Every structure is written in structure tokens, then in C-alpha cells.
Amino acid sequence: MSLAQEVAHQVGEYRYGIRNNFAQFSHQLVQVFFVGLTIGMFRTVVPALAETEFGVAKGSFMMLMAFVTAFGFVKGTLNFVAGRLSERLGRKKVLFIGWLAAVPIPFMILYAPSWSWIVAATVLLGVNQGLAWSMTQTSKLDLTTADQRGLTIGLNEFSGYFGVAVAGIVTGYLATAFGPREGLMIFGLTVVALAGLLTLLWVKDTLPWAHAEGKKHAAGLMTGPKPRYPTNIANTPSTWEVFTLMSWRDARMASISQAGLVEKFVDALVWVFFPVYLYQHGLSLAGIGWVVGVYGFVWGLSQFVTGHWSDRVGRKKPIVAGMWLCGAGVALVLLGDGELWWSFAAAVMGFGMALLYPTLSAAVSDIAHPNWRGSAIGIYRFWRDLGYGIGALLLGAVAALFGGIEAGFWFTAAAMFVSGLVVLLACEETHPRLNPAKN
């Protein structure tokens, strides 16, 4: 028996594609929905009531941004850790550890005597999101084929950000009905308990699928266009090799990573400054929940289409268009007034995000070898979610320097335009069908 025949026999049991793995794919979609619900409970009530409920002094922009800064640095680091850890322990174990980290969060919100407890709870939220969201995405990519990556990530992010939007609205109503702390406690505890239980009962580890794909590549058994994998990296690279490749040694990966980092400036803005801006302009908690929810709903629902669209037209054009459209939506917030106008601006931001967000991750997956794909995704997500922390610091500093949160909106819009320009100039198309390797 030849080597190719032996490998084909060993990996024959692992079938790829959404249809062939529909049950596990669906379980992972439910998981990322719960992950979205968990972060979503921090999106409406917590920032809007930072001053009245948790004692943040009026005008303390840096203090207000502290919990997003903590979240960004912790989540970014845990994304980095999750990718490497999942290649050793497996995807399922890392996912469950992520849910264990979230258990104390609802109790910390309930009993928080000061804003520092909220910051600490957000640190645990960063651990949860870094481990759990990373694993839902990586697991789906393990199961699917190369021509389904855009659709796969689109569905993943659709489900997650649909959860974010739902949580923002539901927690607004629960806070009104039961009180802000009690409402968040009820919601958070229910979500975390259900997610952990479902992980134990129904989620399978998908690492064997990734191993089988790597063996097929090595034996020359993969069919279809050959991706343009980086050539300046070992077959089984060290963490440092993958990190440097993603960060500066490969122009494509580096431009994708910087775009991921900068686009999180928008999410940091929407998380903290947008609810505060709306609250200052007289909107109720429920109204804020709906306006911010429009951003999440449009982002989430549109990714169902935009991720799949990038499988047809490529990655580069949707990324650049999304960066610029999202930046335009941020600027629109300040150019009009009223709930309808702000909802429109939120929708423009959300659709821009839907164009760029799943496509950036799909672009990484296009040119990351299955032997180190988990690490590549983790490092990309490290840079991307570091954008929460860096963006929060910069937004707080800009608002303090110019005396108002409006300056943060203009800064974010400009950053998105410049970042999109970097992708346009520095990144080639990554889709293997549209830009295959020459040999």
C-alpha cells in the first residue's frame, strides 16, 4: 500500500462540509449564540448606568473606558492562548474552560460595590470570550470545506452577534422590570448554565478533522485550487514563527491583522460611547437597547449573506468596502438627530461590519495551513480583539483631550478609512479559486 493510499484509508472516516456535519455545525452555532448573549449583557445597561449605579464620575472618560480596555487586552491574549491550547488539548475542552470562567460574572455584577468590580467582571468576560468564541469559529472551520469558509464564518458571526443584539434588548427590559443588577444576574446565570451544560452533552471535539486535513495536504490528496500558503514558515512552526508571520513577515496577514485591530475601535465606540451619547440625548434604556440593537441585528443578519458572497467575489473588495462604509456610519451618528436617524447610522455601521468581519477571518483561513490554522486564527483574533483595549484607550484619551465623546466618533471614522486604504494597497486576494498558487 502506497503512502497516499495509507493516508486515504486513515482519514477516510472524516467527511467535510456543512451538510456532512450538520448536527455538530448546528451545536456550534448554538454555542456562539450563547457567547454573544454573554457579552451582550454588558452592552446596554452597564455603560448607560455607569454613573448612577456604579459610581463613575461624570466626564471620567478614561474610567468609563476602563472595563472595555481590560476586556480587550484579556480577550486578545486569551485568543492567542486558545489557538495554541486547542491544538494540544482539543477544541471542546478549551470551550468548556471558557464557560467555567464566566460562572462568577453574574454574581459580581449583582454585588458590585464599585466600578472596579465591573472591570474585574469584564476581565473574566474576556477570558470567556477569548476561549469560547475562538473555539466555535475554529471548530466550524475544521468541519467545512475551503469553498465554504466565508459562509461558515458568516454564519458563526451572524449567530454570535445576533446573540449580542438580543441580549442588549432583553437586558434593557429586564433591568426596567427587576432592577439593573437583578436583571443582569437572572439573564447571565441562565445563559452560562445552559451553555456549559450543552457543551458537556452535545459538542464533539473537531481537532481530529484538522489533523486529517493536514495529512491529506501532506500526501497530496487535496483537490481543487491550491491556496497561496506562506512559504517562509516550517510545516510545524513554533508559536513565535506563527506570531511573526501574522504580525509583519507576511504582508497579507499583517494587513489583515491591522484591519482587525482597527475595526474594533468601532465596537469599543458602540459598546461605551454610543449608549452614553444616546443617554445624554434623552433616550430611555429600552430605546438605547433598540438603537444599539439595530447595529447588532444588521451586522449579524447581513453576515449570513456577506460571508457567502465573499466565497464568490473574493475577500479583498468586501473588506475595503466594509471598512469605509462602517467608518461612514460612525460619522453619520453626529450628522443628524433622533431615534430614527441614529438607527439608520447604526444600520450603516452594522452592514459595513458585516462586509468586513467574516471576510477578514475567512482571508486568514484561506492562506493558513491546517497544521497551524488554529494558531493563525488565534493570533489574528489576538490582534483584532486587542483593538478593544487600544481603541478604548485612544477613544478615552481623545474624548478627554477634546472635551467630549463626539471627538471619539470622528477619530474612529478617520481610523477606519486609513485602515481600509492599507488593505487596498498591501493585501492581495487570498481566495484560492480567484488567486491560486502557481505550483
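The values are calculated or read from the model by the stated rules, or taken from the named source; none is laboratory data. Here the structure is a predicted model, which means the values were calculated and not measured. Cβ coordinates were reconstructed from backbone atoms using ideal geometry, including for glycine residues, and neighbour counts include every protein chain displayed.
Summary of computed values
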item	result
Answer residue from the stretch 77-105, given it is crowded, with 20+ Cβ neighbours inside 10 Å and of a type in the set (S, T, N, Q) and is nearest to residue 142 (Cα to Cα) among those	86
Scan of the stretch 122-180 for residues that are of a type in the set (S, T, N, Q), under 22 Å from residue 86 (Cβ atoms) and touching a helix residue (DSSP H, G or I) at 6+ places or on another chain (Cβ under 8 Å), ordered by number	128, 129, 134, 136, 137, 138, 139, 144, 148, 152, 156, 159
So residue 331, is it over 13 Å from residue 302 (Cα atoms), in contact with a helix residue (DSSP H, G or I) (Cβ under 7 Å, 6 or more places away or on another chain) and crowded, with 24+ Cβ neighbours inside 10 Å	no
Residues that are within 18 Å of the chain's Cα centre (by Cα) and either crowded, with 24+ Cβ neighbours inside 10 Å or among the charged types (D, E, K, R) (or both), drawn from the stretch 307-326	307, 310, 315, 318, 319, 322, 323, 326
Filtered residues of the stretch 29-87 (kept if modelled with pLDDT of 70 or more, of a type in the set (Phe, Trp, Tyr) and not in a helix (DSSP H, G or I))	42
Unique residue being over 16 Å from the mean Cα position of the chain (by Cα) and either buried (at least 19 other Cβ atoms within 10 Å of the Cβ) or more than 30 Å from residue 22 (Cβ to Cβ) (or both) when the list is 195, 132, 165	195
Residue 386 vs. criteria touching a helix residue (DSSP H, G or I) at 6+ places or on another chain (Cβ under 6 Å), under 25 Å from residue 273 (Cα atoms) and in a helix (DSSP H, G or I)	yes
Test set (1) in a helix (DSSP H, G or I); (2) touching a helix residue (DSSP H, G or I) at 6+ places or on another chain (Cβ under 7 Å) - residue 214 fails condition number	(2)
Single condition residue 431 does not satisfy, out of (1) in contact (Cβ under 8 Å) with a residue 40 or more places away in the chain; (2) farther than 17 Å from residue 258 by Cα; (3) surrounded by fewer than 24 Cβ atoms within 10 Å (Cβ to Cβ)	(3)
Filtered residue count, the stretch 291-343, keeping only those that are over 22 Å from residue 360 (Cα atoms), among the aromatic types (Phe, Trp, Tyr) and in contact with a Gly (Cβ under 8 Å, 6 or more places away or on another chain)	1
Residue among 439, 371 that is at pLDDT below 90, crowded, with 17+ Cβ neighbours inside 10 Å and not in a helix (DSSP H, G or I)	371
Counted residues, the stretch 251-269 - those being surrounded by fewer than 23 Cβ atoms within 10 Å (Cβ to Cβ) and either aliphatic (A, V, I, L, M) or without any contact (Cβ under 8 Å) to a residue 24 or more places away in the chain (or both)	2
